[in-house]
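The values are calculated or read from the model by the stated rules, or taken from the named source; none is laboratory data. Remember, predicted model here, so these are calculated numbers, not experimental data. Quick reminder, even Gly has a Cβ in these numbers, built from the backbone with ideal geometry, and neighbours come from all protein chains shown.
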Amino acid sequence: MHYTLRQLQVFLATAHHENISRAAQSLSMSQSAASSALAELENQYDIQLFDRIGKRLQLNALGHALRPQAEALLQQAQDLDLALRQHAATGQIKIGATLTIGNYLAVNIMAQFMRENPLAKVELQVANTATIAACIHNFELDLGLIEGELHDSELEVTPWRDDELVVFCSPRHPLAKKRSLSDADLLGATWILRETGSGTRQTFDRALHGLLPQLNVLLELQHTEAIKRAVEADLGIGCLSKVALEDAFRRGTFVPLRVPHRDFSRFFYFILHRQKYRSAGIERWLTLCRESA
């Protein structure tokens, strides 16, 4: 075996930062040491892993092909290192979750995971579906929990639990006393919606197919709580996951609006890169998610 784990670390850090100086800094190395490690790796096998474009180092086709294997090998080495030092197999785990899941479901799962594995380091990134998928694709996150449907041949997408969106308004809104809404009601309303690229917006757009160009959308917001505050202030009606609204419905802060002729059902999903090594921590997190459903 002619390569070292340090060379793989430099290769992966350079692939992430596209710059040898930033890669060296992330690994607490000098630039010359990082440059030498990368050059030795390429020279030992008489290969080139990057296209050099000015100061940028961009992965070429071979680099892209080898990156998943290097990621998996390095993750296994890190898990073994932690197991040897701390007698624990969970290690570090980086989770990405979309806003509804991150704000209303993932924190409880994280708390249970950390109670079981007090030595493990857990990072939780909350963003929309498109952002989480991109991070999984680039090996910046280990596991994603998303709301939106996704089609990417390099990612494994597995249904986790079902969910549905609910149209809602404040108790003072003119629609609050209607037993169900017609398409005319939907077109006549002012809407406060999630932004394009979110799983919630994807499901909403699918459910209201045929009406979208005519909808009166006042605001598109990135945060669930901001939408709830805008609806509470009577700026319009909203549409969010039932998970995010159950407490408010019980308190009477919001009123659910039935739209029986439109399908607002959906799934939450797990996403992993197909080449990602499934550590003990990842497998345990998946188990806790399934048990929570």
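Scan segment 108-133 residue by residue and report those that are within 8 Å of the chain's Cα centre (by Cα) and either among the small types (Gly, Ala, Ser) or farther than 18 Å from GLU147 by Cα (or both).
Initial filter on segment 108-133 (within 8 Å of the chain's Cα centre (by Cα)): 125-133.
Answer for segment 108-133, where residues must be within 8 Å of the chain's Cα centre (by Cα) and either among the small types (Gly, Ala, Ser) or farther than 18 Å from GLU147 by Cα (or both): ALA127, ALA130, ALA133.
Results for (1) farther than 25 Å from ARG194 by Cα; (2) of a type outside the set (Asp, Glu), shown as yes or no for each residue.
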{"residue": "GLY102", "(1), (2)": "no, yes"}
{"residue": "ALA111", "(1), (2)": "yes, yes"}
{"residue": "ASN117", "(1), (2)": "yes, yes"}
{"residue": "LEU124", "(1), (2)": "no, yes"}
{"residue": "THR131", "(1), (2)": "no, yes"}
{"residue": "LEU141", "(1), (2)": "no, yes"}
{"residue": "ILE146", "(1), (2)": "no, yes"}
{"residue": "GLU149", "(1), (2)": "no, no"}
> Here are some residues: PRO174, PRO159. Which one is closer than 30 Å to ALA233 by Cβ and either assigned by TED's automatic domain parsing to the domain that holds ARG250 or in contact with a Phe, Trp or Tyr (Cβ under 7 Å, 6 or more places away or on another chain) (or both)?
Replying inline: PRO174
> How many residues does segment 5-57 contain that are touching a residue at least 12 places away in the same chain (Cβ under 8 Å), surrounded by fewer than 15 Cβ atoms within 10 Å (Cβ to Cβ), outside any helix (DSSP H, G or I) and not charged (D, E, K, R)?
Replying inline: 2
>> Please go through (1) loosely packed, with under 15 Cβ neighbours inside 10 Å; (2) farther than 30 Å from ARG115 by Cβ for ASP81 and return the number of the only condition it doesn't satisfy.
In response: (2)
> Do we have GLU147 as in the same structural domain as ARG278 (by TED's automatic domain parsing), in contact (Cβ under 8 Å) with a residue 60 or more places away in the chain and surrounded by 21 or more Cβ atoms within 10 Å (Cβ to Cβ) here?
Replying inline: yes
>> Looking at segment 68-77, can you tell me whether even one residue there is at pLDDT below 90, buried (at least 16 other Cβ atoms within 10 Å of the Cβ) and of a type in the set (Asp, Glu)?
In response: no
>> When you check ILE95 against the structure, is it under 9 Å from the mean Cα position of the chain (by Cα) and either closer than 22 Å to THR200 by Cβ or not in a helix (DSSP H, G or I) (or both), yes or no?
In response: yes
